[in-house]
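As structure tokens, the structure follows; a few thoughts come after it.
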2 protein chains.
Amino acid sequence: MADLQRLAITPQQIYRQQVFLTVEQQHYLGRVLRLGVGDKFIVMDGEGKWWLAKLTPDISIKTELTAILEQEISIQNELPIELTLISALPKGNNFDQVVRQSTELGVTYILPVTSSRTLLKPSLQKLKRWQKIATEAAEQSERQVVPKIRETLEYSAALSLFENQILSTNYHKYICIARNNYPLLLESLLHNQKLESIVIAIGPEGGWTNEEIERAIATGFQAVSLGKRILRGVTAPLVALSLVAAVLEIQRFPLL
Amino acid sequence: MADLQRLAITPQQIYRQQVFLTVEQQHYLGRVLRLGVGDKFIVMDGEGKWWLAKLTPDISIKTELTAILEQEISIQNELPIELTLISALPKGNNFDQVVRQSTELGVTYILPVTSSRTLLKPSLQKLKRWQKIATEAAEQSERQVVPKIRETLEYSAALSLFENQILSTNYHKYICIARNNYPLLLESLLHNQKLESIVIAIGPEGGWTNEEIERAIATGFQAVSLGKRILRGVTAPLVALSLVAAVLEIQRFPLL
């Protein structure tokens, strides 16, 4: 099963065990992956379900291909909670890397934000590109869920989404800060015995301003450190998410 | 101090409080960083020492610049133990990213290896490039030590460096394996209460072969998992090193 190719679709593409493939998906399966009629692959709806599917000719339009869902696959590689990354946009195209690697690590939502030290507001084109990267990375890392990338928000607008009074779920909220004596993120995570949703905010290259840090703390975020070395904007989210994912997997499958 | 630029040199460049700068270093300080005579910066010898230094004209050759070490700086951002990464070479130029990010995370030695599923042997040119990337990343992440990149070895040659009988230090040895039920790396690290040197082996995109895994286990490596999702060759070393660094920092500065 691990050798089969994976294709992410939307739940709306499924009707009565049949997947209505887009032109791009037909091209991808036929030309890129070189699958032919009768070949099997895995279909994932991006919301948690996988199926074993078979490529067949479309009965209504003979020149097109369709996929028949043969069997639902029970597999669970997802983290047991919702994990949200608030990330200030790094310079250049580096956010591609953040999206790809955060997806590998199990993130559920990514909220790119602009802050005092990151002024560029990306185009809508960028958002589409990031969503595509997240979809591909979810396929490759054998996830069931495709992370959702939100449109870029201003930092304080992103924080206010997590104000306690408007949340339906309970969130553990962390903001990572360099050059400080805040508790280490790993230590805080290990003290948190409850499986609750987590949101984690990572600053731009130059760090958050003091005002931004105070604003987050006032919204209930806990200030934490990722260690003594200074991490680049692309590395910090990865380090934070690695720690969160590892602690959650321990809590879920404890050996202790 | 955090705002000062940093320059990595070799201990051999220092003689009687004076640093004999190479032509490239003079160019870097003067043209790239735009420092002038009298400006201060931080000199790091790559083996653990930092100094506050001042740029001055060379008294023997007037057209050249030299640096005078004014004061040793006591700073310690290094992990308390030696951390070695054995990494199979990923495709393309992706090893650049592994070198850069491993350096940010505190690695001491990097041993690139070829394995059954990575056949390309890099040129000596590549090694120089990686060493340069490690030097720059050590400067940027405010480390005192520049990691050393070893020449590429064949996988089993790298393992035999860590056979118990020939080691002077005690090593905890880990090999990370995808798609398995081995204990989670974080859990094993948290059980290891002694501060000992650590070596961690990360496989190529296609994973290690069974033979390679058995060989490592026979050499005393413990097989561990990095979680249920499949990580790319560039992401896996980072996840492993993030966990190691975080656990070491907790052990060193415990809040518990």
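What follows is calculated from the coordinates using simple rules that are stated; it is not laboratory data. Keep in mind that this is a model prediction, so the values were computed, not measured. Here Cβ is always computed from backbone atoms with ideal geometry, including for glycine, and neighbour counts include all displayed protein chains.
Details
- Within the same chain, lysines fewer than 8 places from A:K54 are excluded, and of the rest, those with a Cα less than 22 Å from its Cα are A:K40, A:K62.
- Helix A:94-105 axis versus longest C-alpha principal axis of chain A: approximately 70°, rounded to the nearest ten.
- Rounded to the nearest 20 debye, dipole of chain B from Cβ charges on Lys, Arg, Asp, Glu: 540
- Relative contact order (percent, whole number), chain A, Cα cutoff 8 Å, 6+ residue spacing: 19
- The other copies place their A:P80 label points at 3.0 nm from this one, listed shortest first, where each point is 7 Å from Cα along Cα→Cβ.
- D (Stokes-Einstein, µm²/s), Kirkwood Cα radius, the range B:143-210, 1.306 mPa s at 10 °C: 111
- The rotation axis taking chain B to chain A passes closest to this chain B residue's Cβ, listed with the gap in Å: B:S242, 2.
- Stretchable slack from A:T209 to A:E70, in nm (0.36 nm times residue separation minus alpha-carbon distance): 44.7 nm
- Unsatisfied cross-links (Cα-Cα over 27 Å) in the set B:K91/B:K148; B:K121/B:K194; A:K132/B:K121; A:K91/B:K91: B:K121/B:K194; A:K132/B:K121
- For the range A:67-206, alpha-carbon Rg and Dmax in angstrom: 16.3, 56
- Summed side-chain charge close to B:L21 - residues other than B:L21 whose Cβ falls under 11 Å, Lys, Arg +1, Asp, Glu -1: -3
- Within the range A:186-228, the trypsin sites (Lys or Arg not before Pro) that combine a DSSP coil assignment with at most 13 other C-beta atoms in a 10 angstrom radius are A:K194.
- Viscosity 0.890 mPa s, 25 °C: Kirkwood-radius Stokes-Einstein D of the range B:50-102 over Cα pairs, µm²/s: 159
- Projecting the Cα atoms of A:A53, A:G92, A:I75 onto the charge dipole of the range A:33-106 (Cβ charges, centred on the Cα centre) puts A:G92 farthest toward the positive pole.
- Within the range A:80-187, the trypsin sites (Lys or Arg not before Pro) that combine a DSSP coil assignment with at most 12 other C-beta atoms in a 10 angstrom radius are A:R179.
- Values of log10 I(q)/I(0), in the order q = 0.16, 0.17, 0.20, 0.24 Å⁻¹, for the range A:201-256 under a Debye, Cα-only, solvent-free model: -0.62, -0.68, -0.84, -1.02
- A:T84, B:T114, A:T169, A:T10 arranged by Cβ crowding within 10 Å, fewest neighbours leading: A:T169, A:T10, B:T114, A:T84
- Cα long-axis angle, helix A:124-140 against chain A (0 to 90 degrees, to the nearest 10): 70
- For chain A, the longest principal axis of the Cα atoms and the long axis of helix A:235-252 meet at an angle of about 80 degrees.
- Over the range A:1-130: Kirkwood hydrodynamic radius from C-alpha pairwise inverse distances, Å: 17.0
- Taking the helices alone, chain B has a mean residue ellipticity at 222 nm of -8500 deg cm²/dmol, built from -39,500 (n - 2.57) per DSSP H run of at least 4 residues and averaged over all its residues.
- Space enclosed by the convex hull of the alpha-carbon atoms of chain B, per residue, Å³: 149
- Quarter of Cα convex hull surface for the protein assembly as shown, i.e. mean projection, nm²: 27.4
- Each Lys and Arg contributes +1 and each Asp and Glu -1, all at the Cβ; summed about the Cα centre of the range B:6-73, the dipole is approximately 180 debye.
- Zone residues, the range B:1-33, relative to B:T56, backbone N less than 16 Å from point 7 Å out along Cα-to-Cβ: B:14-21
- Nearest-0.05 FRET efficiency for B:K40 and A:T169, computed from C-beta distance (R0 60 Å): 0.75
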